[in-house]
Amino acid sequence: MAPTVLHEKLPLTDNCHHYDDINEVPWDIQKYWHQRYNIFQFYDYDIRLTDDAWFGVTPEPVAEKIAKDLSPSSNKHDTLVDIFAGAGGNVIAFALSEKWTRIIAIEKNADTLACAQHNAEVYGVLDTITWVHGDSFEFLSQAKTNPSSLDESIRINPATTTVFASPPWGGVNYKDHEIFDLSTMEPYNLEHLYEACHPMEHVLFLPRTSDVRQIAKLVPDGANIDVVQYCMEGASKAMVAYMPVSSQN
Ligand SMILES: C[S@@+](CC[C@H](N)C(=O)[O-])C[C@H]1O[C@@H](n2cnc3c(N)ncnc32)[C@H](O)[C@@H]1O
């Protein structure tokens, strides 16, 4: 799906829910709904989520901490692209951090993107983000090989751009494994993500049990990477790998 820049908010649909009462909430989401104020502290201000988005949204304290930890690596480094924007958990925190000159948020599911835009409006950052409906891999490929095919507002300079990727964690259930084999992650495994993002600086938001050795293999010789466990209430919510710029093509 070709990346399309949105100049207006997508309309909310019947799939963009705001549940006020436990009796309305599908049973498999109820445990997340109980944590709703940890997910979005302004939940009561009509935060919207699709039923699928509840499983993947980054809780606000974690999103805030990542946004604090991730800074442009130089004065020239100015653009952040969230390639899996979801319902907006991370991208809203990046926008609130006010560290980036330009933030681009890409999401392929129109209902989820409508929620993200609506939630960004609740947090007062709707207009500080360039919203793109489409496939991130197509965006990244065009950005590298045929930038002029992209709308001018989303052309990026790979040397001054950081990509943030919080992909779906499907595939073999990572909770069943002491060490999660990132080659089995679906629909995009580690190699797929790395191929798409490098040589740009990129940040991967991964299951907490991810195999660090697989990440280390991707790092250029002599480079350091930070791999951080982000915890809440005594448990890790995710492992985040801060991948440096790579000189390989
Ligand atoms: C784990 S969620 C992201 C959650 C997000 N960080 C948040 O806090 O709300 C992953 C999202 O990636 C979207 N997605 C999956 N493949 C995509 C692709 N190729 N291009 C753009 N979005 C994609 C899914 O629709 C889903 O909303």
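For the reader, a short list of remarks on this structure follows.
- For the stretch 141-175, a residue qualifies if it is in contact with a helix residue (DSSP H, G or I) (Cβ under 8 Å, 6 or more places away or on another chain), within 16 Å of the ligand (Cβ to nearest atom) and not hydrophobic (A, V, I, L, M, F, W, C), and the qualifying residues are Ser141, Gln142, Lys144, Ser166, Pro167, Pro168, Gly171.
- Selection of first residues in the stretch 70-91 that are hydroxyl-bearing (Ser, Thr, Tyr) and of second residues that are open to solvent by 10 Å² or more (accessible area, probe 1.4 Å), restricted to Cβ pairs under 7 Å at least 6 apart or on distinct chains, gives the following pairs, ordered by first then second residue: Ser71/Lys99; Ser73/Glu201; Thr79/Trp100; Thr79/Thr101; Thr79/Arg102; Thr79/Ile156; Thr79/Thr160.
- Residues within the stretch 115-140 that are of a type in the set (Gly, Ala, Ser) and near the ligand (Cβ under 10 Å from one of its atoms), tallied: 3
- Count - residues of the stretch 51-67 that are in contact (Cβ under 8 Å) with a residue 60 or more places away in the chain and within 8 Å of the ligand (Cβ to nearest atom): 4
- Of the criteria (1) within 8 Å of the ligand (Cβ to nearest atom); (2) among the polar types (S, T, N, Q); (3) part of a loop (DSSP other than H, G, I, E, B), which one Thr112 fails: (3)
- Residue in the stretch 17-34 that is more than 21 Å from Trp169 (Cβ to Cβ) and either touching an Asp or Glu at 6+ places or on another chain (Cβ under 8 Å) or within 12 Å of the ligand (Cβ to nearest atom) (or both) present: yes
- Residues in the stretch 18-50 that are open to solvent by 50 Å² or more (accessible area, probe 1.4 Å) and in contact with a Lys or Arg (Cβ under 9 Å, 6 or more places away or on another chain): Asp44 alone.
- Test: residue in the stretch 196-208 that is among the small types (Gly, Ala, Ser), in contact with a strand residue (DSSP E or B) (Cβ under 8 Å, 6 or more places away or on another chain) and within 27 Å of Trp54 (Cβ to Cβ): no
- Failed condition for Ser73, given (1) of a type in the set (Gly, Ala, Ser); (2) more than 11 Å from the ligand (Cβ to nearest atom); (3) not in a loop (DSSP other than H, G, I, E, B): (3)
- Residue in the stretch 205-223 that is polar (S, T, N, Q), closer than 23 Å to Thr161 by Cβ and open to solvent by less than 40 Å² (accessible area, probe 1.4 Å) present: no
- Failed item in (1) open to solvent by less than 10 Å² (accessible area, probe 1.4 Å); (2) away from the ligand (no atom under 16 Å from the Cβ); (3) more than 23 Å from Lys65 (Cα to Cα), with Glu178 passing the rest: (1)
- In this structure, Gln229 qualifies as under 29 Å from Tyr37 (Cα atoms), more than 16 Å from the ligand (Cβ to nearest atom) and either of a type outside the set (Asp, Glu) or open to solvent by 50 Å² or more (accessible area, probe 1.4 Å) (or both).
The values are calculated or read from the model by the stated rules, or taken from the named source; none is laboratory data. Everything quoted here is computed from the prediction, not taken from an experiment. Here Cβ is always computed from backbone atoms with ideal geometry, including for glycine, and neighbour counts include all displayed protein chains. Heavy atoms of the whole protein, side chains included, go into the accessibility calculation; ligands, DNA and RNA do not. Shrake-Rupley method; radii C 1.70, N 1.55, O 1.52, S 1.80 Å.
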